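Undergrad: Questions regarding the structure given below will be posed in turn.
The values are calculated or read from the model by the stated rules, or taken from the named source; none is laboratory data. Predicted, not measured: the structure shown is a model, and the values here were computed from it. Cβ sites come from the backbone with ideal geometry, for glycine too, and all protein chains shown count toward neighbours. Just so you know, the surface numbers come from the protein's heavy atoms only, side chains and all, with ligands and any DNA or RNA stripped out. Shrake-Rupley method; radii C 1.70, N 1.55, O 1.52, S 1.80 Å.
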Amino acid sequence: MSKPVMTVCITGAAGQIGYALLPHLCSGKTFGPDQPVKLHLLDLNIEGVQTALNGVKMELEDATYPLLKGVVCTGDAKVRRHVEAGRSV
């Protein structure tokens, strides 16, 4: 039986620490090798930052992590209300 998808919010996801954390989440090193995740990437609602965040999203999608079930990019901090796990970096 597969586990339900866990939604995880990473704040500052376009920054160096957030960016370095993402492969660990997507590969199963953080929540286990059988835990699918959906990522909500949160960063400043500034055009340049959101452009970088969308670039991060494209990289994650290109990497084809089997546990990654979706990526949402946002500048709206209210997204943290709808996630199971969140970490400010």
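Undergrad: Counting only residues that are open to solvent by 100 Å² or more (accessible area, probe 1.4 Å) and basic (Lys, Arg), which one in region 49-79 is modelled with the lowest pLDDT?
TA: Lys78
Undergrad: Okay, moving on. Considering only region 18-48, how many residues are open to solvent by 40 Å² or more (accessible area, probe 1.4 Å) and part of a helix (DSSP H, G or I)? Before you say what the answer is, go through the steps one by one.
TA: Going through region 18-48, the residues open to solvent by 40 Å² or more (accessible area, probe 1.4 Å) turn out to be 19-21, 23-24, 27, 29-31, 33-34, 38, 44-48.
Retained after the next criterion (residues that are part of a helix (DSSP H, G or I)): 19-21, 23-24, 27, 47-48.
Residues that pass the stated criteria total 8.
Undergrad: Sticking with this structure for a sec: Checking Met1 against (1) at pLDDT 95 or above; (2) assigned to a loop (DSSP other than H, G, I, E, B), which test does it fail?
TA: (1)
Undergrad: Looking at region 4-17, which of its residues are of a type outside the set (Gly, Ala, Ser), closer than 18 Å to Val79 by Cβ and in a loop (DSSP other than H, G, I, E, B)? Reasoning before the result, please.
TA: Taking region 4-17 first, the residues of a type outside the set (Gly, Ala, Ser) are 4-11, 16-17.
Among the residues that remain, those that are also closer than 18 Å to Val79 by Cβ are: 5-11.
Val5, the sole residue that qualifies.
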